[in-house]
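Every read-out reported here was derived from the displayed coordinates using simple, explicitly stated rules and does not represent laboratory data. The shown structure was predicted, so the numbers you read here are calculated from the model rather than taken from an experiment. Neighbour counts are summed over all protein chains in view; Cβ atoms, including those assigned to glycine, are modelled from backbone coordinates with ideal geometry.
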Amino acid sequence: MIIIPGNHRQMLTAESIYLRAQRSGLRIGLGVGKDVEKAMEAKVDAEDRGFSDVLLYNDASMLAEDLLNGKIDAAVRGDIDSNRAMGAVRKAFQVTKVLRAAFMQPREGRLFLLAPVGIDEGWSIAEKVEIARLSARLMRRLDIEPEIGFMSGGRTSDKGRMAEIDRSIEAAEAATEIAISEGIRARDVQVLIENAARDCDVVIAPDGVSGNLIFRTLHFLGGAAALGAPVLNIDKVYIDTSRAKSSYGDSIALACALASIR
């Protein structure tokens with residue numbers, strides 16, 4: 001952890017996650033689709049670095065069921081098809097929708113949690129607040145009392161330009177107010193993602209589509225590190241990943257770090 005001088009806030013880093021990952025006796029399930037070679041490389045790397053024993057799964061349902069039943073300590077999606085993987089999680093853990101947040105670190109920037117990253121997530125005020133609650137719980141497990149920034153489609157001064165923008169601004173304002181009333185450290189960051197990424201530990205996009213676009217822009221165009229996206233609303237560690245990742249090593253480390261917390 002790094003202590004920021006002057007305000008004594010702790011900041012999560014990739015290095016602190018890797019340090020937490022160095023635990024023995026953990027079993028991590030890694031999903032395998034078409035790219036068996038990449039999965040094997042991740043398995044060897046994780047085991048050589050002392051993160052965990054890695055078991056490979058080509059069956060999305062078995063991966064979710066073994067996680068539910070405690071046969072593995074955590075799961076990483078790998079390159080299994082997203083719909084199959086998340087469908088298996090929904091069925092095994094009996095949730096109607098999975099809510100995810102991605103650990104992102106832009107170049108020259110700080111590590112933060114971005115949500116929602118599923119296109120069907122975070123569209124209502126209630127779901128934004130639920131994501132904030134669950135994200136705060138996750139960050140506290142990593143010894144961070146988070147500052148949460150709710151984004152909208154414009155600045156407050158943009159009200160009146162378009163009905164959809166007005167609704168987005170009002171939703172962020174309402175979600176911020178509810179979160180604060182529940183004791184969560186939250187702020188309305190409006191459309192200013194550059195400030196949110198600099199100042200907040202959790203950034204909540206206006207909706208799942210914009211969150212997914214932010215993720216893809218940061219990671220695939222901007223070269224930001226994307227460690228993985230934990231499923232927030234289950235009581236086990238399941239890390240969603242992008243099939244386009246060059247390596248799953250950091251996602252395995254994240255899974256191991258979260259699973260090692262008792």
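If you count, for each residue, the other Cβ atoms within 10 Å and average over each peptide, how do 33-41, 72-80 line up from highest to lowest? Intermediate results must be reported in sequence, preceding the final value.
Details: 33-41: 15.1, 72-80: 26.0.
Averaged packing, sorted descending, gives the order 72-80, 33-41.
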Rounded to the nearest 10 degrees, the helix 82-93 long axis (Cα) sits at an angle to the longest Cα principal axis of the chain of 90 degrees
Given the options Thr96, Thr156, Thr241, state which has the largest fluctuation in a GNM of the chain using a 10 Å cut-off (strictly under) for Cα springs. Thr96
Amide H to amide H under 5 Å from Leu12: which residues, 5+ apart in sequence or cross-chain, H placed 1.01 Å off N in plane? none
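Under 22 Å between alpha carbons: how many lysine pairs meet that in the range 26-176, if sequence neighbours fewer than 8 apart on the same chain are excluded?
Numbers: Lys34/Lys43; Lys43/Lys71; Lys71/Lys91; Lys97/Lys128; Lys128/Lys159.
The result is 5.
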Simple SL model, points at 7 angstrom along Cα→Cβ for Asn83 and Lys97; separation in nm is 1.8 nm
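What's the FRET efficiency of Lys71 with Asn233 using the Cβ-Cβ distance as r and R₀ = 30 Å, to the nearest 0.05? Numbers along the way, then the final one.
Details: r = 21 Å, r/R0 = 0.71.
Efficiency computed from Cβ-Cβ geometry: 0.90.
What dipole magnitude, in Debye to the nearest 20, does the chain give about its Cα centre under +1 on Lys/Arg Cβ and -1 on Asp/Glu Cβ? Intermediate values should be presented prior to the final figure.
Values: 34 positive and 37 negative charges, 48 e Å.
Computed about the Cα centre, the dipole is about 220 debye.
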Cβ-Cβ FRET estimate between Leu19 and Glu170, R0 fixed at 35 Å, reported to 0.05: 0.25
What residue among Arg161, Arg84, Arg133 has the largest mean-square fluctuation in a Gaussian network model of the chain, using Cα springs under 10 Å? Arg161
When the label point is put 7 Å from the Cα of Ile180 along its Cα-to-beta-carbon vector, which residues of the range 116-155 have a backbone N closer than 16 Å? 129, 147-152
For Lys236, list the aspartates and glutamates whose Cα falls under 12 Å from its own Cα; do not include residues on the same chain fewer than 8 positions away. Glu65, Asp66, Asp73
Would you please classify the overall shape of the range 102-225 from the alpha carbon gyration tensor, given that a ≥ b ≥ c denote the square roots of the eigenvalues, rounded means a/c under 1.5, and beyond that prolate means a/b larger than b/c while oblate covers the rest? oblate
